[in-house]
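Taking it in order: structure first as structure tokens, then the write-up.
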Amino acid sequence: MTAVLDDLDRLESFALRHQRLFVLTGAGCSTESGIPDYRDRNGDWKRASPITVQAFTGDALARRRYWARSLVGWRAMGQARPGAAHQALADLENAGRVEMLLTQNVDGLHHAAGSRRVIDLHGRIDTVRCLQCQALSPRAELQQALMMRNPRFAALTATVAPDGDADLENLDFSQFDVPDCAVCGGMLKPDVVFFGENVPRDRVDAAFEALQASDAMLVLGSSLMVYSGLRFVKRAAEIGIPIAAVNLGRTRGDEHFEFKVDQPVGPTLAELARKFSA
Ligand SMILES: [Zn+2]
């Protein structure tokens, strides 16, 4: 028997023993959808680290640069479709195996695949929030406005990142024109949790509550390098909830796992979902 089959057997047995799974997903679930992940097998950054909320709100040029890169990055992000991992999780939910799916991804692909028990820990890139009046609006609308105001940038292409960022460098961002909130004139920001920003408390509490109601935790495609995700593994370990993981490479939660499958999430989960829907 091959190592891969052993891994699948362990995963299937884990899911059989624990009916209600608390699933935590990360960038490794969306790589097959053409959205690259942030980190390599050692958990190190593959690219420049994302913008902080302090830079975004406090520095007009940094903000222009963010939106210019986002204008280009959104084209890939906005067109991404769910992959095998998203589909498998929607199927597992339909089979009654998912208590809650907590995702660190902002791409909305779990919803697109049909999952309904989802908490978007870090928000959604397809939504824009006014920092003053809190009005929400579709990112697609803002995209139209950004393209109209900045035709020179609309023609550019670049490598994209999981947060909708894109690698644009050595350009003059000082003239990039970003609209303000149509309601109150306030500053617009993607409705995602930036680095340097806290996840809203009620969202964290809802996730902890779901974890408490679960029989086991499954970590999928996340290196857990960010504490906002890692804390759920730590809590699960504290309260004696067994944890398994599917991830390529090292994670910051390795010491807490019953076992880890070092395989891509998509094919592994597809196989698991097949067994439960059969
Ligand atoms: Zn506003």
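What pairs come out if I take residues in the range 120-148 that are polar (S, T, N, Q) and pair them with residues that are away from the ligand (no atom under 16 Å from the Cβ) whose C-beta lies under 8 Å away, six or more apart or interchain?
Gln143/Leu71; Gln143/Trp74; Gln143/Gly78
Tell me yes or no: at least one residue of the range 164-174 is at pLDDT below 95, more than 16 Å from the ligand (Cβ to nearest atom), over 26 Å from the mean Cα position of the chain (by Cα) and under 19 Å from Ala76 (Cβ atoms).
Checked the range 164-174: at least one residue is at pLDDT below 95, more than 16 Å from the ligand (Cβ to nearest atom), over 26 Å from the mean Cα position of the chain (by Cα) and under 19 Å from Ala76 (Cβ atoms).
State all residues of the range 123-135 that are in a strand (DSSP E or B), open to solvent by 40 Å² or more (accessible area, probe 1.4 Å) and near the ligand (Cβ under 10 Å from one of its atoms); if no residue qualifies, say none.
Selection gives Arg129 alone.
Any idea which of (1) more than 16 Å from the ligand (Cβ to nearest atom); (2) surrounded by fewer than 19 Cβ atoms within 10 Å (Cβ to Cβ); (3) farther than 20 Å from Pro200 by Cβ is the one Glu141 doesn't satisfy?
Exception for Glu141: condition (1).
Can you tell me which residues in the range 84-98 are surrounded by fewer than 24 Cβ atoms within 10 Å (Cβ to Cβ) and touching an Asp or Glu at 6+ places or on another chain (Cβ under 8 Å)?
Ala84, the sole residue that qualifies.
Collect the residues in the range 169-203 that are among the β-branched types (Val, Ile, Thr) and either surrounded by 18 or more Cβ atoms within 10 Å (Cβ to Cβ) or touching a residue at least 60 places away in the same chain (Cβ under 8 Å) (or both), keeping them in residue-number order.
Selection gives Val178, Val192, Val193, Val199.
Test each condition in (1) touching a Phe, Trp or Tyr at 6+ places or on another chain (Cβ under 8 Å); (2) over 25 Å from Pro82 (Cβ atoms) for Phe232 and report the one that comes out false.
Condition not satisfied by Phe232: (2).
Table: residues versus (1) at pLDDT 95 or above; (2) among the small types (Gly, Ala, Ser); (3) within 16 Å of the ligand (Cβ to nearest atom).
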position	(1), (2), (3)
Gln79	no, no, no
Ala84	yes, yes, no
Glu99	yes, no, no
His111	yes, no, no
Ser115	yes, yes, no
Ala161	no, yes, no
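The values are calculated or read from the model by the stated rules, or taken from the named source; none is laboratory data. This is a predicted model, so every value here is computed, not measured. No Cβ is skipped: glycine too gets one built from the backbone with ideal geometry, and neighbour counts run over all protein chains shown. SASA here: full protein model, heavy atoms, side chains in, ligands and nucleic acids out. Shrake-Rupley method; radii C 1.70, N 1.55, O 1.52, S 1.80 Å.
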